[in-house]
Amino acid sequence: MMPDIFYLLSKWWKHITGLVLLSLLTAWIITSLLPKEYVAATTALPANSYLSDKSKIFNENIEALYSAMGTADELDMIIGTGQLDTIYLSVVDRFNLTTHYGISEKGEAARSKASLLLKKHTRVMKTEYGELKVRVWDTDKLLSAQFANAIMDKIQQMHSDLQNSINYSTLNSLLAARGKIKSQPDSVHSSQMVTAQLQQYEKLIGEYQLMVDTKPPALLIVERARPASFADRPQLLQAFLITGFFSLLFAFLLVMVLEKKKSNRR
């Protein structure tokens, strides 16, 4: 037979209250001992890849058809890059995180461990508004902002280099082709066809050189990370609510078992 709930509460309320208060006190002690962590976030939008395409930049008819913002597919590719160890290792080296994290190992093992810790405390995600967001937690609120900005900058650099690699390669090929023509005898240079070809090379070299020098960005930074005013972890209220709920549930189940055993002995 199921014990009456109100009867159990009236009989065992002191024990239930004591167990819940003890659980809350334990939760408060544990959360007080945990180090405070601050979160910082930086946000960016993907730039349209046409910005690095010379044929579109210098074609007025095509340029007007494209938005400066990138597509969802481009953002997904950038988020995938945000999981690469290369990004986190560069931040580890830049800020000497092996010392910051107090890692006792030396050399490459220390770098790898620091990289894993940084990656564990980082989230690279796509927001519901189609933005790229990098969030980093750290015990130092100033460093958490610096880490977030450094990770975003590294992602920016990697994708910008990838987008501009074709322009670098094409420019070098054009310079080599122009040099090959100029190395020919003067009698060849006087040819009208060769002169026109050289002029075309000069025009293309100038355009590609401008693209290489400009190095169009892969990301458009919307907001840089700033130091947080308050700690994000541990969340005391959330811990209290969860602890209070489960301790109350446990206490109630416990008194039900005790009451049932007591009634069976009669």
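The values are calculated or read from the model by the stated rules, or taken from the named source; none is laboratory data. Since this is a predicted model, take the numbers as computed values, not measurements. Cβ sites come from the backbone with ideal geometry, for glycine too, and all protein chains shown count toward neighbours. The area values use the complete protein model at the heavy-atom level, side chains included, leaving out ligands, DNA and RNA. Shrake-Rupley method; radii C 1.70, N 1.55, O 1.52, S 1.80 Å.
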Leaving ligands and nucleic acids out of the surface, order His15, His159, His121 by accessible area at 1.4 Å, largest first.
His15, His121, His159
Put Ile30, Ile151 in order of accessible area, largest first, 1.4 Å probe: what do you get?
Ile30, Ile151
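Given a 1.4 angstrom probe, I'd like the percentage of the accessible area of the stretch 152-215 that is carbon and sulfur, rounded to a whole number.
Carbon and sulfur together cover 56 percent of it.
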Using only the alpha carbons of the stretch 121-247, determine the length spanned along each of the three principal axes and report them from longest to shortest in whole angstroms.
95, 27, 19
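Over the residues of the stretch 1-42, compute the C-alpha Rg and express it relative to 2.2 N^0.38 Å. Numbers along the way, then the final one.
On the way: Rg = 18.4 Å, N = 42, 2.2 N^0.38 = 9.1 Å.
Relative to the 2.2 N^0.38 Å estimate, the stretch 1-42 comes out at 2.02.
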How long is the gain from Trp28 to Phe245 if the chain were fully straight, where each residue apart is worth 0.36 nm and the alpha carbon distance is subtracted?
76.7 nm
Mind checking the dipole of the chain: about its Cα centre, +1 per Lys or Arg Cβ, -1 per Asp or Glu Cβ, Debye to the nearest 20?
1720
³J(HN,Hα) across the stretch 148-162 via Karplus (A = 6.51, B = -1.76, C = 1.60, θ = phi - 60°), whole Hz, x for Gly/Pro?
4, 5, 5, 5, 4, 5, 5, 4, 4, 4, 4, 6, 5, 5, 5
Calc'd 3J(HN,Hα), the stretch 83-95, phi into Karplus 6.51 cos²θ - 1.76 cosθ + 1.60 (θ = phi - 60°), Hz, glycine/Pro = x, comes to 9, 6, 5, 4, 5, 6, 5, 5, 6, 4, 5, 5, 9
Could you work out, for the stretch 204-248, what percent of all Cα-Cα pairs fall into each 10 Å distance bin, beginning at 0 Å and stopping at the bin that holds the largest distance?
18, 19, 16, 15, 13, 10, 7, 2
What number of lysine-lysine pairs in the stretch 131-266 show an alpha-carbon separation below 21 angstrom, given a sequence spacing of 8 or more or placement on distinct chains?
7
Can you list residues whose amide H is under 5 Å from Ala47's amide H, if they're 5+ apart or on another chain and H is modeled 1.01 Å from N?
Gly70, Leu219, Leu220
With x for Gly and Pro, the residue-by-residue ³J(HN,Hα) of the stretch 240-254, computed from phi through the Karplus equation 6.51 cos²θ - 1.76 cosθ + 1.60 at θ = phi - 60° and given in whole Hz, is 5, 5, 5, 4, x, 5, 6, 5, 5, 5, 5, 4, 5, 5, 5
Test of understanding: in a Gaussian network model of the chain with alpha carbons linked when under 10 Å, which of Ile242, Ile155, Ile166 would top the mean-square fluctuation ranking?
Ile242
Nitroxide proxy distance, nm - points 7 Å out along Cα→Cβ at Ser104 and Thr195:
7.9
Other-chain or far-sequence residues with amide H under 5 Å of Arg233's (modelled H):
Glu37
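Counting heavy atoms of the protein chains only and a 1.4 Å probe, report the per residue accessible area for the chain as a whole number of Å².
On a per-residue basis, the chain sits at 62 Å².
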Given 37 °C and 0.692 mPa s, how large is the Stokes-Einstein diffusion coefficient of the stretch 90-163 in µm²/s, with Rh as the Kirkwood radius over Cα pairs?
248
Given the convex hull over the Cα atoms of the chain, what projected area results after averaging over all orientations, in nm²?
25.2
Ranked from the most accessible area to the least, with a 1.4 Å probe and all protein chains present, what is the order of Met152, Met77, Met193, Met125?
Met193, Met77, Met125, Met152
Determine how large the accessible area of Lys36 is when every protein chain is in place; take a 1.4 Å probe and give Å² rounded to the nearest 10.
130
